[in-house]
């Protein structure tokens, strides 16, 4: 083995060892790297109790209720398995919509309501013109209707 | 016809070859940039949920891709320089760093400008955003370490170690949106899936990616030429260039 080949193999081995080490470290820290918990995780008591944390999921369709005299909003966050009711006072982001993704930060109260002090919208990775989105929706409805028959 | 590729690994012949290639890359970059911006702003349709604001994607995604890609290229050349003691490879790595850092900064900055209206926040410490910020610090660390060491050969070696160690961060950035719950959405364009974008949007974005490539090549070649002149200033061929006034 030439000296420079030896050097190269030492470098490759070093990078490989480092990669393995980081995978192990990241694996160990996995729970701390979670940006938000899903409603199912909250229901399974995986989320910290009494401390501020984030929940993420979809805004349940038909669940958004605004109070008339204030900016308080009530809605439910769902991952289609479990649903958590959320109360938030403040301005919602533009992309906050029923059926779309949301991440809320706050604490869960004793009666199981999530008291949010920050609500962020999480959009998906799809980009298309409005006409295409409409056509997709129509196709989805037609499929549902044919399944129901 | 056999081409002696090693000829171009000598700084002197690389210097003149790069000088001839730079105008070509600048020209192609300008044309692609104009075409990409035109498609992005005038041809691509409005998005169904984000309206016109999504158009920042034509800057954001090419910048983010370049930031990761250039890091891998930089680490590759730094590693080759470290292993085989080839001067030109290390010079290339040094020349790539500022452009990579610039694209990382653009990705972070446009991401913040995009995040505020869409997500409702400039910044969150989710895995994608945090790992991209770490990439920025890696570039800065590489450049400042090299700047802090006077002997260029020792600076090359020290920088190469940072660059190689930091490669670990690249798959973390890329897969962060799959591995962890993040506020940042998943990839719209990936190798093993049909792109989740309307085709004109995708076309505009890819043209901008190629424009960024051409721009990066031009700037990196230019910077490499300057580094060659600085480091080879004691040699005969640089002295001759100076005499001819061809610099």
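The values are calculated or read from the model by the stated rules, or taken from the named source; none is laboratory data. Given the structure is predicted, the values throughout are model-derived calculations rather than measurements. Here the Cβ positions follow ideal geometry from the backbone for every residue, glycine too, while neighbour counts run over all protein chains shown.
Observations on the structure shown:
- Residues that are over 24 Å from the mean Cα position of the chain (by Cα) and surrounded by fewer than 18 Cβ atoms within 10 Å (Cβ to Cβ) within the stretch B:109-121 comprise B:116, B:117, B:121, listed in sequence order.
- Residues of the stretch A:84-103 that are assigned to a strand (DSSP E or B) and closer than 20 Å to residue A:35 by Cβ: A:84, A:86, A:88, A:101, A:102, A:103.
- Among the residues of the stretch B:17-59, those that are crowded, with 17+ Cβ neighbours inside 10 Å, assigned to a loop (DSSP other than H, G, I, E, B) and touching a residue at least 24 places away in the same chain (Cβ under 8 Å) comprise B:44, B:50.
- Qualifying residue in the stretch B:90-108 (condition: under 20 Å from residue B:213 (Cα atoms), modelled with pLDDT of 95 or more and within 11 Å of chain A (Cβ to nearest Cβ)): no
- Among the candidates B:211, B:147, the residue that is more than 29 Å from residue A:105 (Cα to Cα) and touching a residue at least 40 places away in the same chain (Cβ under 8 Å) is uniquely B:211.
- Per the listing A:111, A:124, the residue uniquely exposed (fewer than 15 other Cβ atoms within 10 Å of the Cβ), more than 8 Å from every other protein chain (Cβ to nearest Cβ) and either modelled with pLDDT of 90 or more or out of contact with any helix residue (DSSP H, G or I) (no Cβ under 7 Å at 6 or more places or on another chain) (or both) is A:111.
- Test: residue in the stretch B:76-95 that is surrounded by fewer than 20 Cβ atoms within 10 Å (Cβ to Cβ), on the phi > 0 side of the Ramachandran plot and more than 12 Å from the chain's Cα centre (by Cα): yes
- Test result for residue A:60, surrounded by 11 or more Cβ atoms within 10 Å (Cβ to Cβ), more than 14 Å from every other protein chain (Cβ to nearest Cβ) and out of contact with any helix residue (DSSP H, G or I) (no Cβ under 9 Å at 6 or more places or on another chain): yes
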